[in-house]
Amino acid sequence: MPKIRFPEGFLWGAATAAYQIEGAVEEDGRGPSIWDTFSHTPGAVINGDTGDHACDHYHRWEKDLDLLSDLGVGSYRFSVAWPRIVPTGSGAINAKGLDFYDRLVDALVDRQIQPMVTLYHWDLPQGLQDVGGWVNRDTTDRFVDYVRAVHDRLGDRVPYWLTLNEPYCSAIVGHLEGRHAPGIRDEAKAVTAIHHLLLAHGKAVQALRADGVTGKVGITCNLTSPHPASENAADLDAAARLDLHENRMFLDPLFRGSYPDDAAAHYKGVTDFPFVQDGDLETISEPLDFFGINYYERHLVTTDPADPVRGWTRVPDPKPTTVGIGVHPEGLREVLERVSADYTDLPLFVTETGICLHDYVDPEGQVKDDERVEFFDSHIRAAHQAIQNGVNLAGFFPWSLMDNYEWAWGYAYRFGMYYVDYATQERIPKRSAQWFSKITRANGID
Ligand code: FCB
């Protein structure tokens, strides 16, 4: 394999999210979020696992930042927990919540690690869910209040802001599939939630700008690269519909200021978009400074006549990983090239990609996650190829810094570069951490 080098200044990072690592759910005035409610709902999460303790990062954050220094990353992507800042979702700001992130940001700056702050990584205050959550337009204004409070406190030290993480998952996995909080299964509500999430994003961008934000502002979407299973018309149509559902429902409003032309026909009988008000799409398409992409899946698609509304099914991967997802680094290149050819020449960041494995500590005390090393190696090469092909890619953030609470999969699956022993909260560098620390220092692969 040839050596590869990334452009000077390329930003290597690592990513986490608040509910997945922090624990301390009742500390310093934090209110409950939809994930506290959902994770405590019998049957919702594997083994009934909750984020009550997670990686106890709320108390161990300083040592965790040392792991970032060991990795040699230039940036750390973490999220702020909305219910720590506004415990009921509206009204008074909880200063102690802000204090925690203030200390974290200071300590990152001391270590010369640039904070990349995700403002919403799925932990909606339960108080807002009680009045409709993302199906209620009012939530968009509550989001702005919260964002302004965070920016007011941290804005002088944060160079990168992400409004939302993966609005697809919040809307579709949370409101159509019901596998994530708030556990709703209703397609009309899911599409309404898409619109309100995107609107909240646009309003937040406008508010940050009005408040004089000096950092760069973006959003992270999870995107896929759907391929038809065959060239027959029905499969081509199924792939186009899946692409609408997973990608274009987000990319078109964000970058073109409109929902895709085929959306009305696709959602006929589900919703005719009564929630879209004058000016919303201008707000949603407010220009950004960068765009974050999370890539996990490619998707081979075939038609499914049994499903007249959506009309597709995803063909199972011939070589699935533990959770059924295949490994397709070329899909990452395709996604990056597609976004840059069809939507934007803004700097792109891979804000997440990763693989979950059943890692274990062997008798010598080592975690030999060679499959993860191979995964990152191939995806970093694919990202490099995209740059060679003209994509303006500016950074790469593996998911995740350490094993953590993997939403509906609980602690059953591990994504980290550091192994977490949940009984002792010990962090053990896996082979992937040792490998990645060489990548960040060489700015490429030797
Ligand atoms: C993404 C989420 C992230 C993590 C990875 C595995 O969808 O953004 O929090 O759970 O998947």
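Dividing the summed helix terms, -39500 (n - 2.57) for each DSSP H run of n ≥ 4, by the number of residues in the chain produces a 222 nm estimate of -11000 deg cm²/dmol to the nearest 500. Rounded if a/c is under 1.5, else prolate if a/b is larger than b/c, else oblate: which is segment 223-356, with a ≥ b ≥ c the root eigenvalues of its Cα gyration tensor? Since a/c reaches 1.5 but b/c is at least a/b, the shape of segment 223-356 is classed as oblate. You can think of it this way: the chain between Lys3 and Asp102 has 31.7 nm of extra reach, that is 0.36 nm per residue less the Cα-Cα gap. For a paramagnetic label modelled on Asp345 (point 7 Å from Cα along Cα→Cβ), amide N atoms under 19 Å away belong, within segment 279-315, to 287-292. Helix screen, the chain: DSSP H segments with Cα axial length of 24 Å or more and mean Kyte-Doolittle hydropathy at least -0.5 are 187-210. Only Cα pairs under 8 Å and 6+ residues apart enter the sum, and on that basis the relative contact order of segment 253-322 stands at 27 percent.
Here the simple spin-label model places points 7 Å from the Cα toward Cβ, and for Asp304 and Asp186 these points are separated by 2.2 nm. Stretching Ala442 away from Asp130 to a fully extended chain increases their span by 107.4 nm, per 0.36 nm per residue minus the current alpha-carbon distance. For Ile387, the accessible surface of its heavy atoms amounts to roughly 30 Å² (probe 1.4 Å, protein chains only, rounded to the nearest 10). Ranking of Phe255, Phe436 by solvent-accessible surface, largest first: Phe255, Phe436 (1.4 Å probe, protein heavy atoms only, all chains present). Could you tell me whether the chain comes out rounded, prolate or oblate from its Cα gyration tensor? Rule is a ≥ b ≥ c as square roots of the eigenvalues, rounded for a/c under 1.5, then prolate if a/b exceeds b/c, otherwise oblate. It is rounded, given that a/c, with a ≥ b ≥ c, falls under 1.5.
In whole angstrom, note down how far apart the Cα centers of segment 244-296 and segment 207-231 are. Measuring centre to centre over Cα atoms gives 11 Å.
Per-residue surface analysis assigns His299 an accessible area of about 30 Å², computed on protein heavy atoms at 1.4 Å probe radius.
Within segment 85-123, whose backbone N sits under 12 Å from a point 7 Å along Cα→Cβ of Asp289? Output list for this probe position: 115-117. Centroid-to-centroid, using Cα positions, segment 1-65 and segment 377-398 are 25 Å apart.
Percent antiparallel among DSSP beta bridges with both residues in the chain, to the nearest 5?
Details: 11 of 46 bridges.
The antiparallel proportion sits near 25 percent.
Just checking the listed ones, Thr424, Thr303, Thr50: in the Gaussian network model of the chain with Cα springs under 10 Å, the one fluctuating most is Thr424.
Multiplying the sequence separation of Phe273 and Asn389 by 0.36 nm and subtracting their Cα-Cα distance, what value in nm do you get?
Numbers: separation 116, 0.36 × 116 = 41.76 nm, distance 3.79 nm.
Difference between extended and current length: 38.0 nm.
With the cut-off at 1.5 for a/c, could you classify segment 62-117 from its C-alpha gyration tensor as rounded, prolate or oblate? Could the numbers behind the result be given before it?
Numbers: a/c = 3.09, a/b = 2.59, b/c = 1.19.
Prolate shape, in that a/c is at least 1.5 and a/b is the bigger ratio.
Normalised by the number of residues in the chain, the average gap of Cα pairs under 8 Å and 6 or more apart makes the relative contact order 18 percent.
Taking all protein chains together and a probe of 1.4 Å, list Thr313, Thr353 from the most accessible to the least accessible. Please list the in-between numbers first.
Numbers: Thr313 55, Thr353 0 Å².
Listed by decreasing accessible area, they come as Thr313, Thr353.
Thr302 contributes about 40 Å² of solvent-accessible surface, heavy atoms of the protein only, 1.4 Å probe. Listed by chain and number, the aspartates and glutamates placed with their C-alpha closer than 16 angstrom to that of Lys3 are Glu374, Asp377, Asp446; residues fewer than eight positions away on the same chain are left out.
The values are calculated or read from the model by the stated rules, or taken from the named source; none is laboratory data. In this text the structure is predicted, and so the values were computed from the model without any measurement. Using ideal geometry, Cβ is built from the backbone for each residue, glycine included, and neighbour counts are taken over all protein chains shown. Areas reflect the complete protein model, heavy atoms only, side chains present, ligands, DNA and RNA absent. Shrake-Rupley method; radii C 1.70, N 1.55, O 1.52, S 1.80 Å.
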